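Take a look at the structure set out below.
No lab work stands behind these numbers, since they all come straight from the coordinates. This one's a predicted model, so the numbers in the text were calculated from it and none came from an experiment. Cβ sites come from the backbone with ideal geometry, for glycine too, and all protein chains shown count toward neighbours.
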Amino acid sequence: MHNLGTVFRFEVIRSLKKKSFWITALSFPVIIAVVVAVIFFSNKSSDEVAENAKNEKFSIAITDASNVIPETISSQYEAQRVAESQKQATIDKVSNGTLDAYFYYPSDLSRDRVEVYGEDVGLFNNGKYEAVAKLLLQQSVASNVDPQTTAILQDTVGFSAATYKDGRQFDGIKELIAPGIFLVMFYFLIAMFGNQMLTSTTEEKENRVIEMVLTTIEARVLIIGKIISLLVLAAIQAFIVLVPVLVIYLLFREQLQLPSFDLTSIPLDPVRIAIGAVLFLFSFLLFTGMLVGIGAASPTAKEAGGFFGIAMVFIFGPLYAVTLFFSQPDSPIVRFLTFFPLTAPIPLMLRNAIGNLTTFDVVLGIGILAVSAVVALSIAIRMFRYGALEYSKRLSLKTIFAKKTL
Amino acid sequence: MPDATATKSRTNSTEAIVTIDNFRMDFGGKTVIKDLSFEVQRGEVFGFLGSNGSGKTTTIRSLLGIYQPTGGTLLIDGKPFNVASGTKLGYLPEERGLYKNESVIDVMVYFGQLKGLSKTDAKQRSDAYLERVKLTDKAKTTLGKLSGGQQQKIQLGITIMNDPELLILDEPTKGFDPVNRRLLMDIIEEHQNAGATVIFVTHQMEEVERLCDRIILLKDGKAHAYGTIAEVKKEHGGMSLDDIFISVYGDENTEQDHTHEEVK
């Protein structure tokens, strides 16, 4: 393993020199920045429009067949009340521009629609007519009932809930966060670097450098060096992605109307966090082994890339049963997905985050992942070792396992 | 013709750096090497001759553990080769290639470090070699932008960078012009004079005459001739090596490239 550091440095440095690495790394923060800018200016523009609309005076006429809107409310808006018989004549006034808006409130509001007529003032500003018509109704109702009833009717009553598990307060959503980070990290790594793992060894084959490599360095040292370099590159990329997100959150949280988040309120369960870390490690090694193995068995990076979908099926497939992971953790389908090696990472990490893994599940799951990871990596190294000289064709499993030794 | 196995008695096994005994190799049910036995003595230049597809590269790859032999033993310094075995090896394979998107100097230093040199030493040796082969101005050029001959020179530089005890060169002059071929011959002689053992796979008989102490001729996976150049010539009635080659392989198309895949 004495060349591990050399391989690691070579792989990291040459990746950092590639334009594609920086394009990939920077594209995400740039997209976030663009989206944030659009939201920021859109919010600012909306606020300005709303403020202008509030201060803007426009002539209104109403017909209240429902008898819900009292004079006191309609007079606040300087709304002219017209008889039902004048409905068409008033609509004509709006049509010919002598009146800005006319609202017709039917006798049965629970059945019929309120009719709103207004002079066109642009796509975004036309909404003000309906907003004012609704406001007239809301203020009219509120004037007849107490504030509590208003809050109930308007669904603005606040709630605070506390749930308990094993004798302590347990917030299911917040409890998800710390152990769930490993699941997010796993998806991030595979999504951002899966293809790179897949093609990490094809360069040696495509460039015909493999014979010199195999007579200079052990295959497993090269593979492990490449895997470690991918982890470090992922950390660098995560840093590049997360730093702008944090900066934007801290500096522009209020402007972007992002929710305030108290990090100190996140529960930290050391046992589940430790289990999550172990599951993440073995899951990562399992998929790395699988992807590197597929790449080693393929003659070109292009052909290897075609197999990326297979890995994605195992990673995203279990998400179709995500509701079952929460509601029926003991169902046969959940147990199968949890303990079948290639689908196990997602159910195990998700169920660990939810908190419905038993001790037996944890031990069995970690055992299955650990053994699978070792087997996958061993096969990957073997595939690289013996697939090396299959320059122009895909390596068959028969060829790999027919070899006696590494 | 001296039999390969019989000729073994003329070698001193205690001085052998490479020992191949009853080596057999099957590919897809077809036997391509049949019970091949020979030794390479420490410090000699050994010519490994044969037409394309005769099994030279397969033998070399099996000796270096790249292929798993079907039978027999292939030893370097008395044990099967692996990169941790301690023998300082320089191997220039028949299949040429390097990391095409990296610079010349980065790749040379990388391989130098993998071969056990410090970064500084690898850099110094790389610079000296580039100066010798007049490629100093290409040090920071990516390998993919070099001509085939220039890339081959870089690969040769990497092969000899660690002053190997055993230098295995599989058709090293393929694609070289006469000037570079002369340069390569000089480099091989320098390493031989420094005590290195050289196994030299080639079709060029003038190179064999100039450099090799002993040779082996493979035909159809078997040793057709084995011994010193004088012994082989004597066995063939005093013919030149060129004539021997033509008489042995004349019925074969030596321009064909029987790669491993095709053999399979």
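Using a Gaussian network for chain A with springs between C-alpha atoms less than 10 Å apart, which of these wobbles most: A:Leu377, A:Leu136, A:Leu291?
Checking each option, the largest mean-square fluctuation is seen for A:Leu136.
Calculate for chain A the 222 nm mean residue ellipticity that helices alone would give, adding -39,500 (n - 2.57) per DSSP H run of length 4 or more and normalising by residue count, nearest 500 deg cm²/dmol.
-21000 deg cm²/dmol
Run the reach check for A:Lys302 against aspartates and glutamates, Cα to Cα strictly under 12 Å, same-chain hits fewer than 8 apart removed. What comes back?
A:Glu203, A:Glu206
If the elastic network links every pair of Cα atoms under 10 Å, which of B:Glu165, B:Glu15, B:Glu209 fluctuates the most in the Gaussian network model of chain B?
Highest fluctuation among the options: B:Glu15.
Each label point is 7 Å from the Cα along the Cα-to-Cβ direction; what then is the distance between the points at A:Glu78 and A:Ser59, in nm?
Going from the A:Glu78 label point to the A:Ser59 one covers 1.1 nm.
Looking at this model, which pairs from A:Lys226/B:Lys134; B:Lys79/B:Lys233; A:Lys205/B:Lys140; A:Lys18/B:Lys119; A:Lys18/B:Lys140; B:Lys34/B:Lys233 are more than 26 angstrom apart at the alpha-carbon?
On the way: A:Lys226/B:Lys134 33 Å; B:Lys79/B:Lys233 33 Å; A:Lys205/B:Lys140 23 Å; A:Lys18/B:Lys119 22 Å; A:Lys18/B:Lys140 15 Å; B:Lys34/B:Lys233 24 Å.
Result: A:Lys226/B:Lys134; B:Lys79/B:Lys233 exceed 26 Å.
Can you tell me how segment A:202-343 classifies by the Cα gyration tensor, rounded, prolate or oblate, using a/c under 1.5 as the rounded cut?
Judged from the Cα gyration tensor, segment A:202-343 comes out oblate (a/c at least 1.5, b/c at or above a/b).
Within segment A:58-153, what percent of beta bridges assigned by DSSP are antiparallel, to the nearest 5?
Values: 4 of 12 bridges.
Close to 35 percent.
Let me check I have the definition right: for segment A:111-226, take the eigenvalues of the Cα gyration tensor, multiply each by 5, take square roots. What are those semi-axes in whole Å, largest first?
Semi-axes, largest first: 64, 29, 8 Å.
Express in whole angstrom the spacing between the alpha-carbon centres of segment B:89-104 and segment B:70-84.
If you average the Cα positions of each part, the centres end up 23 Å apart.
Looking at the square roots a ≥ b ≥ c of the eigenvalues of the Cα gyration tensor of chain B, which shape do they give, rounded for a/c under 1.5, prolate if a/b is larger than b/c, or oblate?
Verdict is prolate for chain B.
Looking at chain A, do any whole DSSP H helices span at least 27 angstrom along their long axis by alpha carbon and average 0.5 or above on Kyte-Doolittle, and which?
Those that clear 27 Å and a mean of 0.5 are A:19-55, A:172-199, A:219-252, A:270-297, A:359-387.
Give, in whole angstrom and from largest to smallest, the semi-axes √(5λ) of the equivalent ellipsoid of segment B:97-162, with λ running over the eigenvalues of the Cα gyration tensor.
Details: eigenvalues 57, 29, 21 Å².
After diagonalising the Cα gyration tensor, the semi-axes are 17, 12, 10 Å.
Using Cα pairs closer than 8 Å and at least 6 residues apart in sequence, work out the relative contact order for segment B:55-159, in percent.
Reported relative contact order: 28 percent.
Please order A:Arg9, A:Arg168 by the number of other Cβ within 10 Å, starting at the fewest. Kindly include the intermediate steps, with their values, before the conclusion.
Details: A:Arg9 15, A:Arg168 7.
Final ranking by Cβ density, sparse to dense: A:Arg168, A:Arg9.
If each DSSP helix of 4+ residues adds -39,500 (n - 2.57) and the sum is divided by the residues in chain B, what number results at 222 nm, nearest 500 deg cm²/dmol? Working shown, then result.
Details: 10 runs with 93 residues, N = 264.
Helix-only estimate at 222 nm: -10000 deg cm²/dmol.
Distance from the Cα centre of segment B:185-230 to that of segment A:54-84, in angstrom?
Distance between centres, Cα-based: 108 Å.
GNM on chain A, C-alpha springs below 10 Å: top fluctuator among A:Gln255, A:Gln80, A:Gln328?
Taking springs between Cα atoms under 10 Å, the residue moving most is A:Gln80.
What do you get when you divide the Cα radius of gyration of segment A:268-335 by 2.2 N^0.38 Å, with N the number of residues?
1.45
Take the Cα of A:Thr163, step 7 Å along the line toward its Cβ, and report every residue of segment A:323-363 whose backbone nitrogen sits under 11 Å from that point.
Once the point is set 7 Å along Cα→Cβ of A:Thr163, A:327, A:355 turn out to lie under 11 Å by backbone N, inside segment A:323-363.
For segment A:58-153, what relative contact order do you get, as a whole percent, if you take Cα pairs closer than 8 Å and at least 6 residues apart?
For segment A:58-153, the relative contact order is 30 percent.
By counting other Cβ atoms within 10 Å of each Cβ, how are B:Lys234, B:Lys123, B:Lys153, A:Lys165 ranked from fewest to most?
Details: B:Lys234 14, B:Lys123 17, B:Lys153 25, A:Lys165 11.
With the fewest neighbours first, B:Lys234, B:Lys123, B:Lys153, A:Lys165 line up as A:Lys165, B:Lys234, B:Lys123, B:Lys153.
Where both residues lie in the protein assembly as shown, what percent of DSSP beta bridges are antiparallel, nearest 5?
For the protein assembly as shown, the DSSP antiparallel bridge percentage is about 50.
By DSSP, what percent of the beta bridges with both residues in segment B:117-263 are antiparallel, rounded to the nearest 5?
Beta bridges within segment B:117-263, antiparallel portion: roughly 55 percent.
Find the eigenvalues of the gyration tensor of the Cα atoms of the protein assembly as shown, then list the square roots of 5 times those eigenvalues as equivalent ellipsoid semi-axes, largest first, in whole angstrom.
79, 28, 22
Relative to the compact globular guide of 2.2 N^0.38 Å, what is the alpha carbon radius of gyration of segment B:1-140, as a ratio? Please report the intermediate quantities before stating the final value.
Working: Rg = 18.3 Å, N = 140, 2.2 N^0.38 = 14.4 Å.
Scaled against compact globular proteins, the figure is 1.28.
Using the alpha-carbon centroid of each, what span in Å lies between segment A:318-385 and segment A:133-212?
Between the Cα centre of segment A:318-385 and that of segment A:133-212, the gap is 22 Å.
Counting partner chain Cβ atoms within 10 Å of every residue's Cβ in B:95-101, what's the average?
6
If you take the Cα Rg of segment A:58-153 and divide it by 2.2 N^0.38 Å, with N the number of residues, what do you get? Spell out each step's value before the answer.
Details: Rg = 13.6 Å, N = 96, 2.2 N^0.38 = 12.5 Å.
In units of the globular-protein estimate, segment A:58-153 measures up at 1.09.
Determine, for A:Leu250, A:Leu268, A:Leu198, the number of other Cβ atoms within 10 Å of each Cβ, and report the residues in order from fewest to most.
Fewest-to-most ranking of A:Leu250, A:Leu268, A:Leu198: A:Leu250, A:Leu268, A:Leu198.
Which parts of segment A:7-47 would a label at A:Leu246 reach, counting a residue when its backbone N lies under 16 Å from a point 7 Å out along Cα-to-Cβ?
A:29
Helix B:148-160 versus the longest principal axis of chain B: what is the Cα-based angle in degrees, 0 to 90, to the nearest 10?
Here the helix axis deviates by roughly 80 degrees.
What FRET efficiency comes out for the pair A:Lys19/A:Glu303, r = Cβ-Cβ distance, R0 = 22 Å, nearest 0.05?
Working: r = 24 Å, r/R0 = 1.08.
With a Förster radius of 22 Å, E is 0.40.
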